[in-house]
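Asks: Just dropping this structure here.
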Amino acid sequence: DVFNAFRSFKKLGADDKTITQDEILAKVNHPGWNRHFKGYAAKEKFKTVTLDELGEIAARALSIYGIEGKVVDVVHVDYTDAASEKKSMATVQDILTKNEKSANDMVIVNMLQGELTGDSEGMVGHAAPVAAYDAAKKRVLIMDPDREYYEPYWVDLSMLMKGMNTLDKDAGKNRGLIWIRPQ
């Protein structure tokens, strides 16, 4: 949906199909996408990419689909004390505030979904676009792509920060967000 939203500024015809996640992954063909994460049950396998890989995939997809004038910023949320937490929070709030004021950028968060939903099965990395930010209430509207189980939901910014401030063992780094914005 992120890339389809960016294409809304282009004149598209009836032959211009909607971009799907599977299509992006096939066209980008990022090597990280071949790595599997064994999920909740032994019979289930989930493909997963790190935050940095997601940034690379997004940048390549922009190029493939002719979406020009955008850059992809990868922001890891990593804090261990009150001072670094305050700095990380200020950075994320600044991005969310700028995103809320613009129709030309997108934020995709990478977090442990269970930290946001309370779902014990959601303790794997998960990526979802941000739909809105209410600065007064410090709440973020998450457009969860896992529509089989979740509708879009509002979450407190502090909970989102907690979900992003988690280690991705595949990357050896914390999760965070990518900000696709004008150059």
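Read-outs throughout are calculated quantities, based only on the coordinates presented, and are distinct from any laboratory measurement. Not measured: the values here are computed from a predicted model.
Asks: With springs connecting C-alpha atoms under 10 Å apart, model the chain as a Gaussian network and identify which of D170, D22, D73 has the largest mean-square fluctuation.
Replies: Looking only at D170, D22, D73, the biggest GNM fluctuation is shown by D22.
Asks: Rank G118, G32, G163 by mean-square fluctuation in a GNM of the chain with C-alpha springs under 10 angstrom and give only the top-ranked residue.
Replies: G118
Asks: If I stretch the segment between R60 and D134 completely, what's the gain in nm (0.36 nm per residue apart, minus their alpha carbon distance), one decimal?
Replies: 23.6 nm
Asks: Then there is this: For the chain, set up a Gaussian network in which alpha carbons nearer than 10 Å are linked by springs, and say which option among T117, T20, T166 fluctuates the most.
Replies: Top of the fluctuation ranking is T20.
Asks: So what is the relative contact order for the chain, in percent, with contacts set as C-alpha pairs under 8 Å and at least six apart? Intermediate values should be presented prior to the final figure.
Replies: Details: 281 pairs, mean separation 43.1, N = 183.
Here the relative contact order equals 24 percent.
Asks: Which links in K27/K87; K10/K173; K10/K169; K27/K169; K70/K101; K10/K162 stretch past 28 Å when you go from one Cα to the other?
Replies: K27/K87; K10/K173; K10/K169; K10/K162
Asks: Quick one: what do you get for the stretch 93-174 if you divide its Cα Rg by 2.2 N^0.38 Å?
Replies: 1.07
Asks: While we're here: Hey, what's the per residue convex hull volume over the C-alpha atoms of the stretch 79-120, in cubic angstrom?
Replies: Each residue corresponds to 91 Å³ of Cα convex hull volume.
Asks: From the helices alone, meaning DSSP H stretches of at least four residues, give me the mean residue ellipticity at 222 nm for the chain, per-run term -39500 (n - 2.57), in deg cm²/dmol to the nearest 500.
Replies: Dividing the helical sum by the residues of the chain leaves -9500 deg cm²/dmol.
Asks: How large is the Kirkwood hydrodynamic radius of the chain, in angstrom, based on all distinct alpha carbon pairs?
Replies: 17.1
Asks: While we're looking at this one, here's another question. Taking amide hydrogens as modeled 1.01 Å from N in the peptide plane, which residues meet the under 5 Å criterion relative to T166, leaving out close sequence neighbours?
Replies: Sorted by chain and number, the residues that satisfy this are R175.
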